[in-house]
Amino acid sequence: MKFRLFLLLCLCMLITFPGIAAEPPVDGNYSVDVTLTGGTGRASIQSPAEISVKDGEITATVVWSSSNYDRMTVDGIDYYPTSIESGSVFTIPVRLDEEMPVRAETLAMSQPHEIEYILYFDGSGLTHNANEISGTLTVAVIAALIGIVIGIRILTAVIHKRRKQSS
């Protein structure tokens with residue numbers, strides 16, 4: 001009987017948590033691992049990257065290893081650097097857990113060259129950069145605590161009932 005109750009409690013938690021985890025990130029600032037493929041292999045981008053979520057829109061600050069990038073094209077829209085002090089820095093819209101083809105124009109050669117890359121922002125390692133607890137995490141913690149309290153209460157009642165029956 002105890003084992004069945006334990007399995008029921010586990011099932012309730014499994015049903016609750018995947019739905020919570022699948023929600024998009026709440027508004028705020030995060031760090032996320034990003035990989036870059038394509039090009040000549042000489043350029044790189046800083047990882048983890050800083051991302052910002054506002055009203056469901058996700059933008060990333062992409063920092064190139066070179067200050068010679070003067071334009072990035074994402075989904076047909078051109079973006080220009082916000083800084084070139086410690087590498088070319090761009091703020092671009094991104095999608096998590098999806099390969100994103102982009103083009104970047106470099107001035108490092110004798111004339112401008114556009115190079116194709118693929119960026120991948122790994123949402124599984126998303127780290128919230130604030131000290132606040134997000135609403136999703138709060139709901140998950142409350143659901144877990146309620147589940148634990150109910151499970152303990154049920155187990156206590158079962159144990160108490162069995163002790164009464166044995167006497």
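The values are calculated or read from the model by the stated rules, or taken from the named source; none is laboratory data. Everything numeric here is computed off the predicted structure, so don't read it as measured data. Here the Cβ is made from the backbone with ideal geometry for all residues, glycine too, and neighbour counts use every protein chain on show. These area figures cover heavy atoms from the full protein model, side chains too; ligands, DNA and RNA do not enter into them. Shrake-Rupley method; radii C 1.70, N 1.55, O 1.52, S 1.80 Å.
Maximal additional length on extending the Q165-E116 stretch stands at 10.2 nm, based on 0.36 nm per residue less the C-alpha distance. In plain terms, the chain from A157 to D78 could stretch by 22.0 nm, reckoned as 0.36 nm per residue minus the Cα-Cα distance. Residue ranges 100-106, 72-78 sort as 100-106, 72-78 when ordered by packing (mean number of other C-beta atoms within 10 Å per residue, highest first).
How would H113, H160 line up by accessible area, probe 1.4 Å, largest first?
On the way: H113 65, H160 115 Å².
The ordering from most to least exposed comes out as H160, H113.
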